[in-house]
Structures are given as structure tokens and as C-alpha cells.
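A short reminder: the numbers here are calculations on the coordinates, not readings from a lab. Being a predicted model, the structure only gives us computed values, none of them experimental. Note that each Cβ is placed from the backbone with ideal geometry, even for glycine, and that neighbours are counted across all protein chains shown.
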Amino acid sequence: MSRGGTMPEIDHTHDAAAPSWVASANDAGTEFPIQNLPLGVFETERGTGARIGVAIGDQVLDLAAALDRGLLPGLQGMAPALRADSLNALMARGAADRHRLRHTVFGLLEAGHSRSAETSGCLVPMALVRMQLPARIGDFTDFFTSIHHARRTGELSRPDMPLLPNFRHLPIAYHGRASSVVVSGGPCMRPRGQALGMSGDTRYVPTQKLDFELEVGCYVGPGNALGETIPLDQAEDHVFGLSLVNDWSARDIQRWEAQPLGPFLAKSFTTSVSPWVVTLEALAPFRTAPRRPPGDDAPLSATLTSTSHARHGAIEIALQALLQTGQMSRDGLAPTPIAQPRFGDQYWTLFQMLTHHASNGCNLRSGDLISSGTVSGPERADSGCLLELTAGGREPLRLPSGEERRFLEDGDTVVLRGVCRRDGFRTIGFGECRAQVAPANQE
Ligand code: CA
């Protein structure tokens, strides 16, 4: 069990051979086998309101319905949190309760369970639910933790010093806007903003340089009190689980407004998140040593270093960004992969981000969203944003439809995906973070 900052153990809930009586959970291609069990909040057409669910194959297990039928023995103590319309109360309860919930739900959905017929009445087809934001997000903080992203974007604006001197000392971040975080499926409306024209004039216009950013975010579990810090070896205790994040960015607005205080309106218009939260317990088999560039083995800050973190502080996720233009959609062409970075390549881990965030006594609260910043691989082709993929728009992407893209156009759909694979374990996935670019509002 996860206690005192140790990482979750690998146990029978990770056994690759364990089948579920939910047939679709045993499909080789599913992202939601019984070894995953991510949590989310859904609504149905029946108007039952927002409810907490667990993804299993192509179904959603309604936890409140399962509680009503007495199918979750031993979880009565956390019933109010499981019957809530967001995950915040469950997030606040911490790793021991999350562990108990995982084991109980695993047992209920495992092949051979005596009450599977009754439980099937608590399943709703995923195709019939409308996913909601998993939590009421009080605060959203976005980091900048890929050294490859930092260097390549830095080269565009500061060729003489792409990587600023602080990058290797601390995880850089800005405070984002929680109110405009939306769940996958909703549109991203092209924002208007002030940008600098070629002749030095400024105009308030729809952004001409709309970009996506492929990121991994974590939801804070139990928070810390104002004034308390979070030692690195206890950071695990404050993470509930992970989702995919698309931090939409308007590069022309950003370039003009961001000096000297950093991102503001270029980022706060919309941030999309995937609806399912994959717990730290589900991710236990995919922990790994942080991969750092040669000669750059240990963080320069002692508070951001520990022996156990150096062993398994990172989480390996194979990420993918896909793009489908409106033309591709009309021609029946599927979204095409445009980048495939790996989360294990981040210079700073989620745990180091939490520790650094609280290092001045700043209180993190259950349900806060802490995101990694753009995840980009060592090669430019595996960059998690168009700014890098197209070298600032100079080298357009060529798409299967024959079209080119420097930045996003109206009608373009961006899909983010992430899966965890390791020999001997079932592959688990995050599901999609998908959104289509909508035209700017008419003035
Ligand atoms: Ca970002």
C-alpha cells in the first residue's frame, strides 16, 4: 500500500493475465483493461446528473449505482465521496482509500465474480455518456519541464542563449487559468488578442498563430497547509492521478504580451483535458528513472533530489499528437500522427514540480491541476507543439491530404493520446483529449 511517500506496489491488480467478465475489457486494443480502472465523471441522457464512473473496456461502471446495490463492500466509509458529482472529495482522501477502491472494483469486475450479472446493471456504454471535467479545478499551474522544448523554442527567440540559466536549477512555471479548463470534446474557439504587426503597429485580431501543446497533467490528491512544504519523497502522497492536457496557445499574442511577466491571454482562452484520470496505482508498473541528457545526471538543487526519486521518479508514457484538418475529415481521412514524444524524457518530473510548487509554503489543494508543459522528445519530429514542429512556421507540416500546416486553421481537430507499455504487463491508456478549432467570434 502506498504510505509515507513510497510508490504504489505492483500487485495482483497489475497481473497481465487477469481477465474481466466485461468482454470488451479483454480486447487486445482496449486502453481500459481491468488493470487500468481510471476514474472520471459522466452524465447520461437519462438526466441522472453528474456521477463518478470507472472506465472498463467500452463501458463505464457507475459507482453510485454499485454502492446502491451493495456491490462495493467495505467502501461505505467513503460513500459520500463516491456519490459526489466530482472527484474532489475522493482526491482529498488519499492513497490508502484509492488503493482500497481499486482493489474492490478490480474484484468486482474480475472474471468469475459471483455478482457479475447484477453488476452489469451498473454499466453504461461509453458511447452513451457525456464526460465532464473530473474535478472542480481550483488552480491550474503549467510548467515548462522539457529541456528539448525549452531549447528549441528558445532558439527561435534567443539563438545566442536558447536555454536560460535557471532551467537546470528549478522547474519553471506560470499560474494558468482554471476557469477556462474544459473537457475533451468541446471546441477551442480561436481567440482574439493584441498582436504586433509587421510595421510595429498593434491590432486586436483573431490569432494567426494558434498552436496546441501536448502535455501530461496531474490532479492533486490531499493538499498541504499554507506554510507547509512537500519534501520530494512525500510528493507521491499528494498526487491522485494523471490526465492528458492540451494547453492551446496563441503564439503571436504570446510573443507580444509575455515580456516581462510571462503567458497571460495567449494561454487562458481554453485548456482541454482528457476526461479519465489514471491513478498512480495503475501507473505503478510504468515508473522509471528520470532520463537526463548525458553529463546532466543529477538536479542541481538538493531539495529536488532523492535516492528513491532517482530510481523511479519518472512515469513512462508513449504520447501521440494527431491532426485532422476539416478537409481530411470531409475526405474520410483519419487524424494523422504528427509527433510521438515520451513522457520519460521530461527533465523535471511531476513529483519535482509539486515539491518545487510548495517549496515556498504555497498550499496545493485537492483537485488542483498541475501540468508538465509541452512534452517534446530529443528529435524535432517528436515535438509536442507546432511552434517546434514547423520551426516557428518556417517549415510547414505536409499532411496526407496534400495540405500544409504552419499553425492551426479553423476546422482542424487535434487529438492527444497516451499509452503505457511494458513487457509482461497489460498496456493501459489515457483515452483521448480531442478538440476542434472553431472560428473566432464575429466582432
Ligand atoms: Ca504549456
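Observations on the structure shown:
- Once both labels are positioned 7 Å from their Cα atoms along Cα-to-Cβ, the gap between Gln194 and Ile172 label points is 2.3 nm.
- The stretch between Asn26 and Asn360, if pulled fully straight at 0.36 nm per residue, gains 115.6 nm over its current Cα-Cα span.
- Listed values for region 407-416 are Karplus-derived 3J(HN,Hα) couplings in whole Hz (6.51 cos²θ - 1.76 cosθ + 1.60, θ = phi - 60°), namely 9, 7, 10, 4, x, 6, 10, 10, 10, 10, and x replaces Gly and Pro.
- Prolate/oblate/rounded label for region 145-249 (Cα gyration tensor, a/c 1.5): oblate
- Selection from Phe286, Pro275, Gly262 lying farthest towards where the dipole of region 243-295 points positive, charges on Cβ: Phe286
- If you run the Gaussian network model on the chain, springs between alpha carbon atoms under 10 Å, then out of Gly186, Gly74, Gly429 the most flexible one is Gly74.
- Residues of region 406-435 with amide N under 20 Å of a point placed 7 Å along Cα→Cβ from Asp331: 406-415
- Using only side-chain charges placed at the Cβ, +1 for Lys and Arg and -1 for Asp and Glu, the dipole size of region 41-180 relative to its Cα centre rounds to 300 debye.
- Note on region 304-395: with charges restricted to the Cβ of Lys and Arg (+1) and Asp and Glu (-1), its dipole about the Cα centre is near 180 debye.
- When only the Cβ of Lys, Arg, Asp and Glu is charged (+1, +1, -1, -1), the dipole of region 13-87 relative to its Cα centre reaches about 280 debye.
- As a proxy for reagent exposure, Tyr347, Tyr174 were ordered by neighbouring Cβ count within 10 angstrom, fewest first; the result is Tyr174, Tyr347.
- Multiplying the residue separation of Leu128 and Thr202 by 0.36 nm and subtracting their alpha-carbon distance yields 22.0 nm.
- Placing dummy labels 7 Å off each Cα toward the beta-carbon, the span from Ser301 to Thr229 is 1.0 nm.
- The label point for Ala17 and the one for Asp423, both projected 7 Å from the Cα toward the Cβ, are 1.8 nm apart.
- Dipole axis of region 332-443 (+1 Lys, Arg; -1 Asp, Glu on Cβ), positive-most option in Cys433, Phe343, Leu387: Phe343
- Order of Glu403, Glu395, Glu236 under a 10 Å beta carbon neighbour criterion, fewest first: Glu395, Glu403, Glu236
- Full extension of the chain segment joining Gln76 with Glu443 gains 126.8 nm, where the gain is 0.36 nm per residue of separation less the Cα-Cα distance.
- The 3J(HN,Hα) values that the Karplus relation (6.51, -1.76, 1.60; θ = phi - 60°) gives for region 229-239 are, in residue order, 9, 10, x, 4, 6, 10, 4, 4, 5, 10, 10 Hz. Gly and Pro appear as x.
- GNM flexibility winner over the chain from Met161, Met126, Met91 (Cα, springs under 10 Å): Met161
- 3J(HN,Hα) couplings calculated from phi for region 170-175 with the Karplus curve 6.51 cos²θ - 1.76 cosθ + 1.60 (θ = phi - 60°) are, in sequence order, 7, x, 6, 8, 9, 7 Hz; Gly and Pro show x.
- Ellipticity at 222 nm from helices only: DSSP H runs of n ≥ 4 in the chain, each -39500 (n - 2.57), divided by the residue count, give -4500 deg cm²/dmol.
- Per-pair calculated FRET efficiency, R0 = 25 Å: Arg311 and Phe264 via Cβ, rounded to 0.05: 0.05
- Among Gly361, Gly77, Leu242 - extreme Cα towards positive end, dipole of the chain, charges at beta-carbon: Gly361
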